[in-house]
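Presented below is the structure to which this report refers.
The values are calculated or read from the model by the stated rules, or taken from the named source; none is laboratory data. Note that the coordinates shown come from a computational prediction; the quantities given were computed from them, not determined experimentally. A quick note on method: Cβ atoms are made from the backbone with ideal geometry, for glycine too, and the neighbour counts reach across all protein chains shown. Please note that ligands, DNA and RNA were not included when accessible areas were found on the heavy atoms of the full protein model with its side chains. Shrake-Rupley method; radii C 1.70, N 1.55, O 1.52, S 1.80 Å.
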Amino acid sequence: MAAVAEELIDTPAPDQEAKQGFLQTTMGKRVALGGGIALVVAIMAALWMWSQAPEYRVLFSNYSDRDGGAITASLDQMGVKYKFSEGGSAILVPAEQIHDLRLKLAAQGLPKGGNVGFELMENQKLGTSQFVEQVNYQRSLEGELARSIQSLGSVSAARVHLALPKPSVFVRDQQKPTASVLLNLQPGRALDPGQVSAIVHLVASSVPELTVGNVTVVDQNGNLLSETGTKSPGNKGLDATQLKYVDQVQQNIIKQVESIIAPLVGKENVRAEATAEIDFAQVDTAAEMYKPNSPPEPQAIRSQQTSESSQPGAGASGVPGALSNQPPGVATAPIDGQPVPNGAPAANGPTRKDATTNYEVDKTIRYEQRPMGGVKRLTVGVVVNYRRSIDPKTGKIVVKPLAANEVAQINELVKQAMGYSQQRGDTLNVTNAPFDGVDRPDDTPQAPDWWRDPANLPLAKEIGKYLLLFAVLAFLYSRILLPLMRPAIKKFDEVTALPPEPEPEVVDEVAEEIAAELAEEELEEQEVERRNQGYRKNLEMAQELARQDPRIVANVVKAWLGSNE
């Protein structure tokens, strides 16, 4: 039984025997060879097509379902191949078409975004309550503001939330509206304070009674952007705008100093730093000053008043009687030094004279308004490198300090460039010293090796991809395709190969055989020629007999016809 089982196991099935028999035939071998070659060629073609496949990049991401459907429909109409990223959050297109497609889709208004604008008010139904109308109006206003903010180049998406209180007839119950803006910025982008202020003013100007202070702007990372104008104690009372202005002033001074010194010593041989103290206080001054006229200057009289008064002599006095009632005598002026006689009346009474003169006094009234941003003090430091020269004898680089007159010349040039003012208390320091790592040829930083240079990384990846492709194709050709084609190549070589050059003995034998064959053929040709000559003679005799005696020929022909019947 065991022997019978082993015999049954070892005996191949009829279909296997048929397959093995077919594969052992010439046709089966050719079919197997052709199939193997076709398979290997298909694999190599697939690898080549994979290496030539286009690179896909993100066209749009984080889009709404409506925008995604409109974008894919437009791509289908344009005949552009696309695919989705993992999770379907982005649409990928060939890299060489991405900019062209974005412009074409933008011309079609895609993507429209998920914000709803004032078109929401177009679908109002009959019987809508006032509350629903107010909510729709608020949603429309938020959507329009979000669309306006998204038009900025650095903003990828935006959401606006408005808090609009109900109007009240009581002043104490009135509340101001507020707004919050959430920005999703483009990767690697940032907003400067001016752009944030523009967004704040845009929102505040679009909502009635909304002030700038009631608008809050936040980015996707949770950073508060709308407080760029607030001051902090660490900045000495300066806000970001003022600090930026100070930095601009300092950078302008540095640029002016380096640009005027660079032609003398070289661009890489001068370094400058500046510190500017800026007065941001806005001062309004009103002064009223008085000063007397200078002695040589004539005094100007504003007004002059003179008054003079005199009293007449005394009237009748004394005991009433004849003497007292007599008229006065002739008035005589008394002699100086002599007393007036007792009882004699004086000629005139006392006299009083007053004079008042008002002079003009100098008066200066000056109103001075100093705008903020003036320079209070400048401090500039300049470092100039040693002069480098080549020694003609040794050919080496020689480093020497600048001469004193050259340093003085640089000092004067820097003063002119920075706007030096001694009354303002500006300070300047110009130092001539060797630069570390600049004047030493051995310490000059060398360029990185080509395999370490990040700029060559994409090229290395591309070369590596083609090398891998070449290695795979070479393996398939040498290990699979060539062994399959080797029998066919060998047979082809055998068919097309030239016979080997025979040996001289063989050549002689072949020559003798060929000569014998040629002799036999010549004898045969001679025999055939003799037979042909006899035939021609008989034919000539028959022709001659037919001409001489036609009846004999007719009888012969008649006999041939009778025999055929």
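Between Y466 and T211, the simple label model (points 7 Å from Cα in the Cβ direction) yields a spacing of 6.8 nm.
Accessible surface area normalised per residue over the range 116-214 is 65 Å², counting heavy atoms of protein chains with a 1.4 Å rolling probe.
The residues of the range 511-565 expose, per residue, 95 Å² of accessible area to a 1.4 Å probe. On full extension, the segment bounded by A198 and S61 gains 46.6 nm, given 0.36 nm per residue less the C-alpha separation. Can you tell me how the range 119-176 classifies by the Cα gyration tensor, rounded, prolate or oblate, using a/c under 1.5 as the rounded cut? Oblate. Taking a ≥ b ≥ c as the square roots of the eigenvalues of the Cα gyration tensor, the range 129-270 is classed as prolate, since a/c reaches at least 1.5 and a/b is larger than b/c.
Heavy atoms only, probe 1.4 angstrom, no DNA, RNA or ligands counted: give me H201, H99 ranked by accessible area, highest first. Could you put the intermediate results ahead of the total?
Values: H201 90, H99 130 Å².
Descending order: H99, H201.
Annotation: M78 carries an accessible surface of approximately 70 Å², with a 1.4 Å probe and no ligand, DNA or RNA atoms counted.
In this label model, Q304 and V398 are separated by 8.7 nm, measuring between points 7 Å along each Cα→Cβ vector.
When each of the peptides 428-435, 543-550, 351-358 is scored by how many other beta carbons lie within 10 Å of its residues on average, the order from highest to lowest is 428-435, 543-550, 351-358. Rolled with a 1.4 Å probe across the full set of protein chains, the surface gives Y63 an accessible area near 50 Å².
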